[in-house]
Amino acid sequence: MSSPQIVWFRRDLRLQDHPALCAAAARGPVIPVYVLDDERAGNRKPGGASRWWLHHSLESLGKSLGRHRSKLILLRGDCVAGLARLAEETGAETVHAIQHYEPWWKDAEEELTGHCDLALYDGNYLMPPGSVTTGSGTPYKIFTPFYRALSRMMPPRDPLEEPALSLPDEWPHSDDLDEWGLLPTKPDWADGFRKQWDVGEIAAQDRLTDFVDRVSAYEDDRNFPSCEGTSRLSPHLHWGEISPAQIWKALEGKRGQGVQAFRSELIWRDFAQNILCQFPYYPEESYRQAYRDFPWRNPNRGHLIAGELEAWQMGRTGYPIIDAGMRQLWATGWMHNRVRMIVASFLTKHLLIDWRHGERWFWDTLVDADYASNGTNWQWVSGTGVDTQLFTRVMAPLLQSEKFSAADYIREWVPELAHLPDADIHDPPPSKWPEDYPERLIEHREGRERALSAYRDMKGET
Ligand code: FAD
């Protein structure tokens with residue numbers, strides 16, 4: 001009888017197209033394990049929305065393993081110690097895992113190799129992060145050349161079938177998922193999440209099937225928050241319930257601008273990971289030195305921003321599109337991409353608040369909160385990052401709302417304004433401003449001027 005093989009699941013909560021699982025299954029009986037290691041990530045513990053998703057995703061993975069008469073072993077505590085102990089206890093030959101690139105996972109992988117045989121596999125990206133380089137072997141910092149280089153390497157390898165699993169003679173002890181307390185109880189704020197999301201690998205496949213029929217309209221519809229124009233696959237991708245190779249494969253044979261545009265977004269996801277490989281702490285501070293000393297409005301400098309930050313977080317800025325987006329985020333754990341850009345621009349430019357406050361709020365509240373994608377996008381909107389996006393590009397929320405026909409989106413999320421006609425809802429006139437809708441935190445022109453003046457100060461211009 002061959003030795004048992006441990007499969008260490010992290011953000012790869014699927015059975016199909018899972019190279020680590022396939023390799024383990026080919027070698028012996030499989031012990032699937034998830035370790036909840038809250039301390040490992042330091043101050044990057046998953047936020048409340050992520051924990052909600054994780055609970056349901058683990059539940060779903062456990063059920064899928066049950067179809068093989070297998071089960072998911074749940075351990076809590078230091079993952080290196082836990083896996084090393086488990087390997088010893090079960091006589092497992094090897095721990096198999098899909099490679100992860102967040103710095104705390106890289107450290108754990110390195111530490112674990114000192115304790116047992118660890119086999120790492122690629123599988124969560126179109127190309128292994130760090131592998132797309134220029135002719136001289138250096139990684140890319142700008143999206144367009146990265147996009148061109150990665151496109152030349154496409155398609156990705158074919159997705160792998162779900163393997164047959166043989167079972168160990170004995171099962172080790174497992175925690176009870178319900179006792180991990182990942183779900184909110186007092187209060188239970190997840191009602192909107194339950195209405196919005198089906199979690200797990202099967203749900204991810206269903207969402208993909210539904211989207212494949214709509215992909216031809218993606219190019220036109222994706223910027224309009226009132227319509228279901230995007231895939232909403234982001235949490236499934238983040239948690240690895242589906243792989244980008246599976247998505248690419250499902251689009252095979254589809255032609256046109258919609259598919260092209262959608263694939264390019266998937267490549268953005270690889271690009272963000274490629275940035276994290278080069279700068280492991282990219283989401284922690286501005287990449288550009290000048291912005292580390294930028295005159296953000298900051299309590300340390302005597303600015304009272306707490307009320308404004310909270311108004312932004314709770315969707316009470318007096319800008320309908322921003323309030324709609326922030327309330328959608330709070331209620332469902334997700335926000336439309338166009339609106340993410342608008343709210344991020346507003347926080348960092350109009351309110352002149354350091355992007356890291358926004359990044360943190362997204363980290364706590366998004367079901368797709370992703371260390372690489374969140375950090376890269378916040379720095380991109382703020383103009384503080386590796387690419388050429390400028391701080392001086394200040395998005396105009398009222399014009400954006402009109403241009404991208406956000407009236408129905410606002411009606412859905414800002415009931416105080418639901419009675420207003422399309423002509424008024426983006427920018428309600430004073431005579432129709434509802435009493436229960438907050439005043440604007442700052443007028444657009446004033447916010448824009450203040451941001452540009454801070455920029456000139458940083459540059460030493462008068
Ligand atoms: P689709 O339009 O259907 O795109 C398909 C997939 O491509 C997405 O599921 C996602 O995995 C990927 N993708 C799309 N746009 C981007 C992008 N700009 N950068 C990286 N990957 C992308 N995305 C996250 O997954 N996690 C985050 O924490 C995150 N934080 C963001 C913060 C800000 C300030 C901004 C502006 C964007 C952020 N994004 C993040 C990117 C993007 O908003 C979401 O991926 C997208 O809205 C998810 O919806 P969708 O699945 O319907 O996307």
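Here, each number is a calculation from the coordinates, and none is a lab measurement. All values derive from a computational prediction rather than experimental measurement. For neighbour counting, all protein chains shown are included, and Cβ atoms are generated from backbone atoms with ideal geometry for every residue, glycine included.
Some points to look at:
- Arg194/His115 FRET efficiency (R0 45 Å; Cβ-Cβ; nearest 0.05): 0.70
- Potential lengthening of the chain between Arg76 and Ala418 amounts to 118.5 nm, from the contour at 0.36 nm per residue minus the alpha-carbon distance.
- Taking other C-beta atoms within 10 angstrom as a stand-in for reagent exposure, Ile202, Ile247, Ile410 fall in the order Ile202, Ile247, Ile410, fewest first.
- Neighbour-count ranking [beta-carbon atoms within 10 angstrom, fewest first] of Arg157, Arg356, Arg152: Arg152, Arg157, Arg356
- Axis angle, to the nearest 10 degrees, between helix 79-90 and the longest C-alpha principal axis of the chain: 20 degrees.
- Tensor-based shape of the range 1-124 (alpha-carbon gyration tensor, a/c under 1.5 rounded, otherwise prolate or oblate): oblate
- What the Cα atoms of the chain give is an Rg and a Dmax of 23.2, 80 Å.
- Averaging the Cα positions of each part gives two centres, and for the range 101-122 and the range 1-25 these lie 15 Å apart.
- Within straight-line cross-link reach of Lys254, aspartates and glutamates at Cα separation under 19 Å, skipping those fewer than 8 residues along the same chain: Asp158, Asp206, Asp210, Asp213, Glu219, Asp220, Asp221, Glu265
- Under 18 Å from Lys45, Cα to Cα: lysines that are on another chain or at least 8 residues apart: Lys106
- Computed log₁₀ I(q)/I(0) - Debye formula, equal Cα scatterers, no solvent, the range 289-456, q 0.13, 0.19 Å⁻¹: -0.60, -1.28
- Applying 1/(1 + (r/R0)^6) with r as the Cβ-Cβ distance of Thr133 and Ala41 and R0 = 35 angstrom yields a FRET efficiency of 0.80.
- Using θ = phi - 60° and Karplus 6.51 cos²θ - 1.76 cosθ + 1.60, couplings along the range 281-288 (whole Hz; Gly, Pro as x): 10, 3, x, 9, 7, 4, 5, 7
- Helix 201-212 vs. the chain, principal-axis angle (Cα, 0 to 90°, nearest 10): 50
- Of every Cα-Cα pair in the range 6-71, the percent that sits beyond 15 Å: 56
- In the range 38-128, the trypsin sites (Lys or Arg not before Pro) that fall in loop regions by DSSP, at most 13 other Cβ within 10 Å: Arg67, Arg69
- Residues with amide H under 5 Å from that of Val7, placed H, sequence gap 5 or more: Ile31, Val33, His96
- Loop-located chymotrypsin sites (Phe, Trp or Tyr not before Pro) in the range 365-438, at most 14 other Cβ atoms within 10 Å (DSSP): none
- Close amide H pairs (under 5 Å, H built 1.01 Å from N) link Gly240 with Leu13, residues at least 5 positions away or on another chain.
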